[in-house]
Structures are given as structure tokens and as C-alpha cells.
């Protein structure tokens, strides 16, 4: 999970952003506890141009972009993730749902190596 934000938020806000997104992923995707791979990047405002694709969404400098690489998920799981993430981030850190952008990219078991030069989903011990 890559999370991109504009600089200016305090450490608690950023930690809460990461924790909420992790918990939502656990709840909606059914991944095992401890399956946590997050990278947070902070940018100058001019480094993030997140427009609305003609949807009429006006974003602020609180915009957050999630890019998540995951095994295949069904539409129900994806919709639940988007919905729960927007609600929980709004409740926990006050993020306006209009400032949330999520992109999911799926891949297969052979596309993952968690270390040691092994494909753990293919060769074990993960399944």
C-alpha cells in the first residue's frame, strides 16, 4: 500500500491514516493480521495534481492517494473497502471523502516475493 499526501500533517494524523487503512484492509479483504506493507510519501503541493476526471470533485490540500497492489478481490470487497475507508478516515482524522482517491492493481501469486528470493505464495509457506 502506497499512500501519498501533501506535506503539513502531524505525526499522529499520518499514523492514524496508516492504521485506519490497515484495519479497513483487514476487515474488507480478509487478509491475515500482520499482512501490513505500507509506504507513506509526503509531497510539496505542486508535486500532486489530483484532478476530478470531470466528476465535479473539488479537492483540498488534504488529498490522499492510495495505490494498492493486491491479489484479486471481488467487486463486493472493493466497494466495501472504498466505502469503509472513506467513512473511517472521516471519523478518525476528519478527512473529507472528496479528498480520497484509491487505485487498486491486482496481480497473481507468482508476482510476489516477500524476501529471500522466494515466491512464497507459489512455493509456500503462504497460500
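The values are calculated or read from the model by the stated rules, or taken from the named source; none is laboratory data. Because the structure is a prediction, the values reported are computed rather than measured. Virtual Cβ from ideal backbone geometry, glycine too; neighbours counted across all protein chains shown.
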Worksheet entry | Whichever residue in region 38-56 is surrounded by 10 or more Cβ atoms within 10 Å (Cβ to Cβ), in contact with a strand residue (DSSP E or B) (Cβ under 9 Å, 6 or more places away or on another chain) and part of a loop (DSSP other than H, G, I, E, B) and, among such residues, is modelled with the lowest pLDDT | 50
Practice prompt. Have a look at 60, 72 and point out the one that is modelled with pLDDT under 95 and within 21 Å of residue 11 (Cα to Cα).
Written response: 60
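Do we have residue 80 as in a helix (DSSP H, G or I), farther than 28 Å from residue 56 by Cα and either over 15 Å from the mean Cα position of the chain (by Cα) or at pLDDT 95 or above (or both) here?
No.
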Discussion item. I'd like the full set of residues that are touching a helix residue (DSSP H, G or I) at 6+ places or on another chain (Cβ under 7 Å) and outside any helix (DSSP H, G or I), limited to region 1-37.
Written reply: 1, 3, 6, 31, 33, 36
Fill in: Residues that are out of contact with any strand residue (DSSP E or B) (no Cβ under 6 Å at 6 or more places or on another chain), over 30 Å from residue 125 (Cα atoms) and surrounded by fewer than 17 Cβ atoms within 10 Å (Cβ to Cβ), drawn from region 57-78
57, 58, 60
Worksheet item: Is it the case that some residue within region 83-91 is surrounded by 13 or more Cβ atoms within 10 Å (Cβ to Cβ) and under 28 Å from residue 124 (Cβ atoms)?
Response: no
